[in-house]
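The values are calculated or read from the model by the stated rules, or taken from the named source; none is laboratory data. This structure is a prediction, so every number in the text was calculated from the model and none was measured. We place every Cβ from the backbone using ideal geometry, glycine too, and count neighbours over all the protein chains shown. Calculation scope for accessible area: heavy atoms of the full protein, side chains included, ligands and nucleic acids excluded. Shrake-Rupley method; radii C 1.70, N 1.55, O 1.52, S 1.80 Å.
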Amino acid sequence: MTQATIELLANDLNHQGGVYCPSPLAGMKTWDTHPKVYLDVGRSGEAKCPYCSTIYKLKAGERFDGGH
């Protein structure tokens, strides 16, 4: 399986700084992939899905401020 990297804007994160995988942002459909998992991207700027190894990271220059 090819490891994908999905670059995100801060607005793509939820109010806690997270995203879910599988994600439509990665072109995935929830019915044909793995169970839905929460990934905390806001804290470090990057997170890797433990099921499919997709990496979700903030684009260069993007910052997550926790909704403030």
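In the chain, which cysteines lack any other cysteine Cβ under 4.7 Å from their own?
Isolated Cys, the chain: 52.
For the chain, set up a Gaussian network in which alpha carbons nearer than 10 Å are linked by springs, and say which option among 39, 58, 25 fluctuates the most.
25
So which trypsin sites (Lys or Arg not before Pro) in region 17-68 pass both tests, a DSSP loop state and at most 12 other Cβ atoms within 10 Å of the Cβ?
29, 36, 43, 59, 63
Report, for the chain, the % of DSSP beta bridges that are antiparallel, rounded to 5.
65
For a quick check of understanding: with a 1.4 angstrom probe and all protein chains in place, what accessible area in square angstrom does residue 46 have, to the nearest ten?
Its accessible surface works out to 90 Å², give or take rounding.
So what does residue 15 come to for accessible area, using a 1.4 Å probe and Å² rounded to 10?
150
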